[in-house]
Structures are given as C-alpha cells and as structure tokens.
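Undergrad: I'd like to ask you about the structure that follows.
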Amino acid sequence: MTKVLIPNPEDLELDAELVKDYLEQNPSFFVDHPELVTQLRIPHVAHGATSLLERRQEIQRDKILQMEEELNVLMVNARQNENIFRAISEMYIGLVGCTSVAELEKVVDRVCKDQLFLAQFRLLQPEDEAYIHLQAKLDGNPSYLGRLYPEIMETVFDNFAQSVALVELNYMVGEEETIFGIAAFASGSIHHFQPHMDTLFINQLGRLLSRHAVHLTC
C-alpha cells in the first residue's frame, strides 16, 4: 500500500507571490476575517504603521485629489482657450480697419491687455533701436518665449515686463521669405512666457499679424 505523504505546515515556505495568489483567488478572505483589516499593520514612511483600512482610505483620498487636480487643469485650460478665442476674434475685427502701424499696435495692445492680461504689445521694424537685439534672440527661429536683458526690456516696452513672446512677421515673394518686423508681447510675470512652452498659438498669431501688417509697412 502506498503511503501518502502529508507535508508538515512548518516545512512550507511562504513567499509574497504565494500570499498574493491566494488572496487573489480568495477575494472574500478579509470578509471572512474582518478583524485582520484593522489588526494588520502596514509600514508607512511618513506616518509609521497603518491598518489595511486606513491605507485603503489613504489611497482613495490620493486618487480623489489627483482627479480633482486633473479636473482643475482641464477647467483652467478651457477658460484659457475661451479667452484666447475671444481675443483672436476681437483682434481680427480690429485689424481689418487699421490704416497705419501705430493704429495696428494700439488695437493689438488693447486686446492683449484687456483679454490676455499682458503688459504691452509692440511691433518693431528694422529701423527701431532694439530690433537687431530681438532678431538676435530669435536666432533664425520664427518665435521665442522667455526673458530678455533688462536694458532691452526697458528699450522695447514702456510698461514693466519680465517675460516676452517674440514672433517674426514675414511675407512671401515667390519662394523667398522676407521678414519685415517682429511682434513682441510682454508679460509682467516671469513665468508667463518660458522657453519650454508650445509656440503653436504665438506662431499662428504671427501669421495673422503678418497678413494685416505687411500692407502697412512695405
């Protein structure tokens, strides 16, 4: 007769995977043993040991906070996009009737201040004192977001400015692109325009201004 060997429980070696597999296969384990939910303690770096129930509640709170943060970001972006749409619409309507560069500057400057909460807008041409410095900052790129030297800021803008968005204004003659000006948008916040930000909007704005300004400057 074959003797059946029954393993001694003390000889069994449990590891994390075996425990994990068992709990996954027995989802009612903690329902059958509710006392373990509060008795088992889980090490926590910041708060010391916590119970399973407390840990689960903490994870739920973290998830809720993360969802709230993501919702806030979406709402902020939606409001910003709405403001930008309004600003572009108002700017476009105002540009249609402009008959001079000074008038164009005035229209865009007003929209930038009223709708986009910027400090000032300037349209600089090659004969302007600071034009060469802004051209150097663009360094062959169609746009630039970031900071300028304080003395250049003071030369370009009348109002206090800490960060700028620069975009070249150009027109095409055949296949040749000719740059005839630089649009400069200033913010009083150092964080408003930064080099890592997306330039899609500012480049589109540059194209809009180019179409209207080219007939006033050339």
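The values are calculated or read from the model by the stated rules, or taken from the named source; none is laboratory data. No experiment lies behind these values; they were computed from the predicted model shown. A quick note on method: Cβ atoms are made from the backbone with ideal geometry, for glycine too, and the neighbour counts reach across all protein chains shown. Please note that ligands, DNA and RNA were not included when accessible areas were found on the heavy atoms of the full protein model with its side chains. Shrake-Rupley method; radii C 1.70, N 1.55, O 1.52, S 1.80 Å.
Undergrad: Leaving ligands, DNA and RNA out of it, work out the accessible area of residue 155 with a 1.4 Å probe and give it in Å² to the nearest 10.
TA: For residue 155, solvent-accessible area is about 70 Å².
Undergrad: In square angstrom, what is the accessible area per residue of the stretch 69-218 with a 1.4 angstrom probe?
TA: Values: 8790 Å² over 150 residues.
Averaged over the residues of the stretch 69-218, the accessible area is 59 Å².
Undergrad: Please calculate the 1.4 Å probe accessible area of residue 212, with all protein chains present, and give it to the nearest 10 Å².
TA: Residue 212 exposes around 40 Å² with every protein chain in place.
Undergrad: Counting only protein heavy atoms and using a 1.4 Å probe, what share of the accessible area of the stretch 158-212 belongs to carbon plus sulfur, as a whole percent?
TA: Details: 1500 of 2920 Å².
Result for the stretch 158-212: 51 percent of the exposed heavy-atom area is carbon or sulfur.
Undergrad: So, one more: Could you please state how large a percent of the accessible area of the stretch 84-147 is carbon and sulfur, counting protein chains only and using a 1.4 Å probe? Walk me through the numbers on the way to the answer.
TA: Working: 1920 of 3560 Å².
Here it works out to 54 percent.
Undergrad: A further question follows. Say each of residue 21 and residue 56 gets a label point 7 Å from the Cα, pointing the same way as Cα to Cβ; how far apart are those two points in nm?
TA: Using points 7 Å along Cα→Cβ, the separation is 2.5 nm.
Undergrad: Show me the GluC sites (Glu not before Pro) within the stretch 130-216 that DSSP assigns to loop and that have at most 15 other Cβ atoms within 10 Å of their Cβ. Mind dumping the intermediate values first?
TA: Numbers: sites: 151, 154, 168, 175, 176, 177; in loops: 175.
Taking the stretch 130-216 and a limit of 15 other Cβ atoms within 10 Å, the loop GluC sites (Glu not before Pro) found are 175.
Undergrad: Are there chymotrypsin sites (Phe, Trp or Tyr not before Pro) in the stretch 148-198 that DSSP marks as loop and that have at most 15 other Cβ atoms within 10 Å, and which are they? Don't jump to the answer; show the numbers that get you there.
TA: Details: sites: 157, 160, 171, 180, 185, 193; in loops: 157, 160, 193.
Passing sites in the stretch 148-198 are 160.
Undergrad: Another question, if that's okay. Return the aspartates and glutamates within reach of residue 113: Cα separation strictly under 13 angstrom, same-chain partners fewer than 8 residues apart disregarded; answer none if there are no such residues.
TA: 90, 105
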